[in-house]
Amino acid sequence: VKGLTELANTALRQRINVKLDLAREALRIATTTGAGRNPEVLLWRGRVEREAGDVDTAVAAFKAYVASEGINRQVGLVELARAQFASDREEGSPAYYEGAVLDDSLGVAEYRKDLAYIAADSDLVAFDASRGTTRTEFLRKFWGERDRTDLRKDNERLREHYRRLHYSRRNFALVSTKRHYDIIERYRSGSKEFDDRGIIYIRHGEPSDRATLGLPGLELNETWKYSRANGDLVFHFVAKEDVQDYKLVASLYDVLGFAQSLQTQAGDSTNSQTVERLLESRERIDPLYSRLRGAGRAGLVALITQERGWGERSIATGTTFDSYELRYPDNLHARTDVMAVGHAREGNLLQFTWAVPGAVLKAIPNDRGFVYPVRIRVAIKDGQGKTVGSIDTTKYFLSGSRIPDQENLVDRVAIPVPAGMLHYHIAVEQQGERGIVMPTDSINVGQFDGSQFTISSVVLGWRNANLRWFPVPGDTVFLNPTGIYRQNAKMELYYEVYGLAPGTKYQVELQVGKRGGGRPLIALKYEEQADSTVTRSHRQVVLERVKQGDYFMHLIITGPDGRREERRAAFQVSRDKETASN
């Protein structure tokens, strides 16, 4: 037993595949002996099998260990969860949370170690202060917030974290813990387990694209790109001295080394052919590298500054936060609109509308026509990063005939939210094949229960859009999630005024102006009177003589005490005969 456990421990510490294979072979031979059935040997065998890539055998070994007597159950459960997660198995969650409630110091240390790769210092302080069930609650909240932020199902982020850890140990593990840094390698992870590729992989997973270039005299190098709705991230890695230790650098030019990088950025390269090949190898990563190849001396410095700035921002973001962004093979080309308007028993309402062009919709034929399933995911956070609202639902729309390419499938969902500045994230998808993730955006939501003076978002609609909302019985609000109107169309305008006593008069100003500035093309002023603590107002604006282009509707309401509330909504005027269907 002692020989087998020490062999396994040594093989895992030395991180050399030959030693790992040797230990695995010895442990497998020992299965027919009493030593092979010893709980400690089972535990170490599971660890070796998992790191060697045989996850199923590892799971069996850990299950046998957990079922034994006189063992450290918490350590066994976290090891079992690691093995199950390594193959992206959902059943890892029960073992993970079952073990988290136990308070063995060795077991708790294993949980903390895995958490520390992405957790902020404040998270680790909270973890250290937790005990028993409060530790389980902390972990469920920690991973649950990430699931909702990335519009994922429960436990998806947890499972992905352990898959990434397993992949990084097999592909980005450091053989030597003595790391040496060059002047261009300014990021210092402090990790003695992974090179910088592993640090980024654990935080963000598989990149959207990778590129490398091998040339005599050129250091080993890789570039990773992550395509994200909130802005793409790019990471450049170079291996100097130690070919198994890739480190982050801010610019692709840093692959050339410090002196050559400075010369190149000054437009005085002595190895222009290498630079040309290096830029060419990254052209598929981003068009910026094509522009760098073709830039003249005058514009080169600005482009190089832009490229380096992108790399520096990516390192600052990528090494501080973690993500698991949704990805789709095809773009759904959906449009969305978000408005804070309306109130329900549960709270203020955020209205989410969406439109998907018929040209990209995929129908499922049935005996009544065609079914169009559309999935909408929304996550809403407050200013402290706490999730205050979310939805993940799939709707099925039945149509007697196929929706024409030039029409849109449209719909609306409403989510109760508290008042305050909120940040929302939206994804729309169809059958898992086509989808779109919208950039995170913000909206200021007032208190809409009538207790204080405020106004809703300005709601722009169009009867042709075929999407309606009924805030109260007998009242119809027209919506238009495409945000596109024909020339000379009659735009339906709706807003709500809250917190004024019945009979109170207030002033309204409406302006239509071009986005980008200039004098308003349409300007209206009028007086209205509150009919209750919630006043619903409808107006119609004819877009007469408004040419094609991008515009905004500016709503200004001045209360009886002089307080002003302002809201804006963007829209577009087009000649296209685009319509909608719901």
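Annotations for the structure displayed:
- Selection from region 442-467 of residues that are open to solvent by 30 Å² or more (accessible area, probe 1.4 Å) and either farther than 19 Å from Met553 by Cβ or in contact with a strand residue (DSSP E or B) (Cβ under 6 Å, 6 or more places away or on another chain) (or both): Ser442, Asn444, Gln447, Asp449, Ser451, Gln452, Arg463, Asn466
- Residue in region 92-104 that is in a helix (DSSP H, G or I), under 20 Å from Asp21 (Cβ atoms), free of Cβ contacts under 8 Å to residues at least 24 places away in the same chain and open to solvent by 50 Å² or more (accessible area, probe 1.4 Å) present: no
- Filter result for Ile380 (in contact with a Leu (Cβ under 6 Å, 6 or more places away or on another chain) and within 30 Å of Asp449 (Cα to Cα)): yes
- Comparison of Arg188, Arg170 shows that the only residue that is free of Cβ contacts under 8 Å to residues at least 24 places away in the same chain, more than 30 Å from Thr393 (Cβ to Cβ), out of contact with any Cys (no Cβ under 6 Å at 6 or more places or on another chain) and open to solvent by 60 Å² or more (accessible area, probe 1.4 Å) is Arg188.
- Residue in region 394-409 that is crowded, with 21+ Cβ neighbours inside 10 Å, among the small types (Gly, Ala, Ser) and farther than 26 Å from Arg152 by Cα present: no
- Residue in region 124-138 that is most open to solvent (accessible area, probe 1.4 Å), counting only those that are among the polar types (S, T, N, Q) and assigned to a helix (DSSP H, G or I): Thr133
- Looking across region 1-32, the residues that are open to solvent by less than 80 Å² (accessible area, probe 1.4 Å) and not in a helix (DSSP H, G or I) come down to Val1, Ile16.
- Restricting the search to strands (runs of 3 or more DSSP E) fully inside region 410-489 and requiring at least 3 residues that are touching a residue at least 40 places away in the same chain (Cβ under 8 Å) gives 420-430, 434-437, 441-445, 484-486.
- Qualifying positions in region 284-299 - surrounded by 12 or more Cβ atoms within 10 Å (Cβ to Cβ) and touching a residue at least 12 places away in the same chain (Cβ under 8 Å): Arg284, Ile285, Asp286, Leu288, Tyr289, Arg291, Leu292, Arg293
- The single residue among Ala344, Ala419, Ala359 that is more than 27 Å from Ser227 (Cβ to Cβ), touching a Pro at 6+ places or on another chain (Cβ under 9 Å) and surrounded by fewer than 22 Cβ atoms within 10 Å (Cβ to Cβ) turns out to be Ala344.
- Extreme residue, nearest to Val238 (Cα to Cα), among residues of region 161-196 that are among the acidic types (Asp, Glu), modelled with pLDDT of 85 or more and out of contact with any Asp or Glu (no Cβ under 8 Å at 6 or more places or on another chain): Asp196
- The residues of region 300-337 that are open to solvent by 50 Å² or more (accessible area, probe 1.4 Å), charged (D, E, K, R) and closer than 23 Å to Arg282 by Cβ, listed by number, are Arg308, Glu312, Arg313, Arg327.
- The lone exception for Gly517 - which of (1) free of Cβ contacts under 8 Å to residues at least 12 places away in the same chain; (2) small (Gly, Ala, Ser); (3) open to solvent by 70 Å² or more (accessible area, probe 1.4 Å) it fails: (3)
- Pairs meeting the criteria (first residue in region 269-282 and modelled with pLDDT under 85, second residue assigned to a helix (DSSP H, G or I), beta carbons under 6 Å, at least 6 apart or on different chains) are Ser269/Gln263; Ser269/Val275.
- Subset of region 470-486 that is more than 30 Å from the chain's Cα centre (by Cα) and hydrophobic (A, V, I, L, M, F, W, C) - its residue that is nearest to Asp411 (Cα to Cα): Phe478
- Per-region count, region 196-224, residues within 18 Å of Asn171 (Cα to Cα), open to solvent by 30 Å² or more (accessible area, probe 1.4 Å) and touching a residue at least 24 places away in the same chain (Cβ under 8 Å): 5
- Filter result for the condition that a residue is among the acidic types (Asp, Glu), farther than 30 Å from Gln14 by Cα and either touching a residue at least 12 places away in the same chain (Cβ under 8 Å) or open to solvent by 10 Å² or more (accessible area, probe 1.4 Å) (or both), over Asp114, Asp182, Asp150, Asp121: Asp150
- In summary, strands (runs of 3 or more DSSP E) completely within region 152-244 and bearing 2 or more residues that are β-branched (Val, Ile, Thr) occur at 233-239.
- Set side by side, the residues Gly36, Gly70, Gly76, Gly46 differ, and just one is at positive phi and of a type in the set (Gly, Ala, Ser), which is Gly70.
The values are calculated or read from the model by the stated rules, or taken from the named source; none is laboratory data. As the structure is a prediction and not an experimental result, all values here were calculated from the model. Positions of Cβ are backbone-derived with ideal geometry, glycine not excepted, and every protein chain shown enters the neighbour counts. Ligands, DNA and RNA are excluded from the accessible area calculation, which covers all protein heavy atoms including side chains. Shrake-Rupley method; radii C 1.70, N 1.55, O 1.52, S 1.80 Å.
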